[in-house]
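Everything on this sheet refers to the single structure shown next.
The values are calculated or read from the model by the stated rules, or taken from the named source; none is laboratory data. Note that the structure is predicted; figures quoted are calculated from it, not measured. Ideal geometry is used to build each Cβ from the backbone, glycine not excepted, and the neighbour counts take in all protein chains shown. Quick note on the areas: whole protein, heavy atoms, side chains included, nothing else; ligands and nucleic acids left out. Shrake-Rupley method; radii C 1.70, N 1.55, O 1.52, S 1.80 Å.
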Amino acid sequence: MSAHGNPANLKYTKEHEWIRVEGEFGFIGISDFAQHALTDIVFVELPALGKSVEQFKQLCLVESVKSVSDIYAPVSGEVTETNKELETAAHLVNSDPYGKGWMAKLQIRNPAELSNLMSAAEYEAYLKIKSH
Amino acid sequence: MAEHLHTRSECSLFDICHMGEILVEGPQAFDLIQKTVSRDISKMVVGQMVLATFTNEQGGILDDLTVYKYSDQKFMLVVNASNIQRDYEWVAKAQKDFHFNAVVRNESDSLAKLDIQGPHAQKILQQIASTDLNTIQFYHFAEPALMDSPSTVSRSGYTGEDGFELYFPVPDAVRVWNKLIELGSKPAGLGARDTLRLEAAMNLYGHEMNETVSPLECRYAWVTSLEKDFIGVEPLREQKKNGIPRKLVGIEMIDRQIARNPYPIFSLHNEPIGVVTSGSFSPTLKKNIALALVQFGSLEKGAECLVEVRGQKCRAKVINLPSYRRSDGT
């Protein structure tokens with residue numbers, strides 16, 4: 001897997017999800033660190049459209065060859081769109097975690113929750129601490 | 001996944017030192033093994049190995065193992081890591097209980113085990129082996145030197161590919177490993193080993209087998225010789241006569257979800273019929289496959305069933321095993 005820098009325009013969670021805010025919506029995926037740690041992703045169970053989720057609660061899940069892992073919502077909101085391409089090409093989460101590997105689009109319920117998330121610089125510092 | 005595919009196309013090296021080796025020697029070594037394993041070993045020739053099981057008095061599987069015959073008075077039993085102590089005690093107890101003149105030794109800590117597997121395995125291993133590997137037939141072994149290390153080399157494995165299992169003294173493990181890597185094999189881990197054996201429909205202890213599963217249920221009837229006497233044979237003869245309660249089958253998912261151990265399985269009429277014992281995405285076939293222990297007669301070949309994945313009933317169908325068979329086919 002090639003290394004991907006963590007884009008500065010995203011916010012990150014301690015569980016290694018990211019969110020890209022566009023107006024009242026947020027696109028959600030998992031970080032390069034996460035895709036690398038999970039190894040080859042072979043299945044993504046996308047959330048149902050309209051599903052209401054709470055911040056840091058389960059949004060959907062991914063399966064690698066070896067394991068099943070929950071993906072948590074970076075903020076509370078309702079699912080308005082999912083990345084259907086992942087149903088037949090789950091490996092996009094590995095090959096393009098910040099682009100074609102996005103999983104769901106949420107209508108953000110409370111923008112104030114974004115302040116509970118990390119910037120790219122903070123996330124990188126967090127990864128460094130974790131690896132020591 | 002790369003490790004899995006590399007094993008199928010080229011050659012991988014697996015560190016299997018965790019597995020156990022039990023040596024049985026003495027004038028009645030044969031009788032002791034014949035009494036404790038399900039397989040009739042009376043036809044074995046020197047240099048042959050066979051797959052077998054240990055069963056308890058109820059006919060449930062204590063472990064599966066391979067038996068290597070060095071002479072009429074010397075055998076090696078290769079057992080699963082998690083069962084080493086129990087297996088050793090089981091054989092040692094049988095030696096005492098039945099007064100066989102034989103010595104049982106647990107050599108697991110002194111023998112290293114590496115598996116070299118894949119279409120290029122012979123070509124690579126030959127470069128450090130003192131014996132012509134062409135002379136070793138499938139499920140047979142020889143005792144060549146590997147880089148001067150005295151070894152046992154069998155043509156066998158747990159991947160469905162051609163390859164060899166290597167046993168030699170622990171102090172030689174690092175240099176033999178490094179040399180085989182230098183010669184072109186790539187390290188592969190237990191994750192790859194698990195998906196490779198699943199595609200080849202090989203059982204894993206604790207998944208397809210445990211003390212409540214009989215060898216007749218989990219596709220091990222062929223390693224179970226009901227006409228000879230061994231511990232556990234009586235209930236197995238009864239089971240053969242009365243019919244086995246469950247049967248191990250292969251399934252392939254029709255819906256997109258992955259079946260995993262221990263998801264429940266239902267008939268199309270929603271009756272619970274069994275459980276997934278192992279399941280994964282198959283890197284070779286690019287399908288989601290599984291092994292499942294189901295009520296005997298509940299699923300015919302090609303029949304559909306439902307696997308409950310996180311509360312959702314997902315469609316699957318029964319397939320022939322093994323899912324993967326290499327093209328040159330032994």
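Numbers at a glance
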read-out	value
Candidate set: segment A:1-60, residues that are of a type in the set (S, T, N, Q) and open to solvent by 70 Å² or more (accessible area, probe 1.4 Å); chosen: the one farthest from A:Leu117 (Cα to Cα)	A:Ser2
Residue among B:Leu236, B:Leu293, B:Leu306, B:Leu226 that is over 22 Å from A:Ala90 (Cβ atoms), in contact with a helix residue (DSSP H, G or I) (Cβ under 6 Å, 6 or more places away or on another chain) and of a type outside the set (Val, Ile, Thr)	B:Leu226
Residues satisfying the stated conditions in segment B:204-217, i.e. open to solvent by less than 10 Å² (accessible area, probe 1.4 Å) and closer than 11 Å to B:Asn80 by Cβ	B:Met209
Checklist (1) farther than 30 Å from B:Asp194 by Cβ; (2) modelled with pLDDT of 95 or more; (3) part of a loop (DSSP other than H, G, I, E, B) applied to A:Lys100, failing item	(1)
Unique match (being surrounded by 15 or more Cβ atoms within 10 Å (Cβ to Cβ), more than 13 Å from chain B (Cβ to nearest Cβ) and not small (Gly, Ala, Ser)) among A:Asn83, A:Asn116, A:Asn94	A:Asn83
Enumeration of residues in segment A:70-80 that are away from every other protein chain (no Cβ under 14 Å), outside any loop (DSSP other than H, G, I, E, B) and touching a residue at least 40 places away in the same chain (Cβ under 8 Å)	A:Tyr72, A:Gly77, A:Thr80
Pair list, Cβ under 9 Å, 6 or more apart: segment B:247-275 residue of a type in the set (Phe, Trp, Tyr), other residue open to solvent by 30 Å² or more (accessible area, probe 1.4 Å)	B:Tyr263/B:Val275; B:Tyr263/B:Glu308; B:Tyr263/B:Arg310; B:Phe266/B:Pro272; B:Phe266/B:Glu308; B:Phe266/B:Lys313
Those strands (runs of 3 or more DSSP E) lying entirely in segment B:74-183 with at least 2 residues open to solvent by less than 10 Å² (accessible area, probe 1.4 Å) and among the charged types (D, E, K, R)	B:111-117
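Table: residues versus (1) in contact with a strand residue (DSSP E or B) (Cβ under 7 Å, 6 or more places away or on another chain); (2) aliphatic (A, V, I, L, M); (3) not in a loop (DSSP other than H, G, I, E, B).
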| residue | (1), (2), (3) |
| --- | --- |
| A:Pro7 | no, no, no |
| A:Lys14 | no, no, no |
| A:Gly26 | yes, no, yes |
| A:Ala34 | no, yes, yes |
| A:Phe43 | yes, no, yes |
| A:Pro47 | yes, no, no |
| A:Gly50 | yes, no, no |
| A:Phe56 | yes, no, no |
| A:Leu61 | yes, yes, yes |
